[in-house]
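Asker: What follows is a single structure, and I will ask about it in a moment.
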Amino acid sequence: MTLREQIDQDLKRAMLDKNETARDSLRQVKSELILREVDLGRSLEDGEVIDAIKKSVKQRRDAIDSFRAGDRMDLVEAEEKQLVILEAYLPKSLSVEETRTAMEAIVKEMGLSSKKEMGQLMKELKARHPNVDAKTASQLTGNFLS
C-alpha cells in the first residue's frame, strides 16, 4: 500500500470515528496532494507525498510559534494535535545527538572550517541523511564552523 493510499484509508477511518482533528489534518494533506497531482499530471510517488507532508508539518510548526507569540494557547493546542497526526506519516528524523555526530563526521571528512562553508555542510548532511531536521542542523552548525 502506498503512503497516498494509507492517507486515504486513514481519512475514511477518521471520518467514521468522528475524529475531527485527524479528519481535518488529513483533508488538508489530501488537498495538497491532489493539487500537486494535477500540476504534475500524474500520481505522486511516496517521496513526493512525504515532501507534501513535511510542508504541512512546517506550516503547523510556524503556526504554533505565531500562536504562542500571540498568547493563543487554545490554538497552540489544536495545532499540536494536528502536528502529531501528520508526523506519524513521516520517517523518523535524526535526534539532536545523531545530527551532531553526523555533522562532526562530515566536517572532519570534508575539512570544513568557516561559516562560509555552511552551505556545503548542509547540502552534504541532507544528501546523506534525508530525514534530518534542517532547523536543528542549522542551529548546530555554529558549533562546528567558526
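Asker: Select from the range 130-146 the residues that are under 14 Å from K54 (Cβ atoms) and open to solvent by 60 Å² or more (accessible area, probe 1.4 Å) and list them in ascending order.
Answerer: Matches in the range 130-146: P130, K135.
Asker: Can you tell me which residues in the range 1-25 are without any contact (Cβ under 8 Å) to a residue 24 or more places away in the chain and in a loop (DSSP other than H, G, I, E, B)?
Answerer: Across the range 1-25, the qualifying residues are M1, D17, K18, N19.
Asker: Can I ask one more? Only one of E87, E45, E104 is under 22 Å from A134 (Cα atoms) and under 18 Å from the mean Cα position of the chain (by Cα); which?
Answerer: None of the others qualify; the one that does is E87.
Asker: From E79, E117, grab the single residue that is acidic (D, E) and touching a Leu at 6+ places or on another chain (Cβ under 7 Å).
Answerer: So the residue among E79, E117 that is acidic (D, E) and touching a Leu at 6+ places or on another chain (Cβ under 7 Å) is E117.
Asker: In the range 60-97, what residues are out of contact with any Lys or Arg (no Cβ under 6 Å at 6 or more places or on another chain) and β-branched (V, I, T)?
Answerer: Result: I64, V84, I85, V96.
Asker: Do any helices (runs of 4 or more DSSP H) entirely within the range 26-118 hold 2 or more residues that are at pLDDT 90 or above and open to solvent by less than 80 Å² (accessible area, probe 1.4 Å), and if so, which?
Answerer: Helices (runs of 4 or more DSSP H) meeting the threshold: 46-69, 73-87.
Asker: Note down all Cβ pairs under 6 Å where the first residue falls in the range 86-103 and is under 15 Å from R61 (Cβ atoms) and touching a residue at least 12 places away in the same chain (Cβ under 8 Å), the second is of a type outside the set (S, T, Y) and in a loop (DSSP other than H, G, I, E, B), and they're at least six residues apart or on different chains.
Answerer: S93/N131; S93/D133
The values are calculated or read from the model by the stated rules, or taken from the named source; none is laboratory data. The shown structure was predicted, so the numbers you read here are calculated from the model rather than taken from an experiment. With ideal geometry, Cβ positions are generated from the backbone for all residues, glycine too; neighbour counts draw on all protein chains shown. Heavy atoms of the whole protein, side chains included, go into the accessibility calculation; ligands, DNA and RNA do not. Shrake-Rupley method; radii C 1.70, N 1.55, O 1.52, S 1.80 Å.
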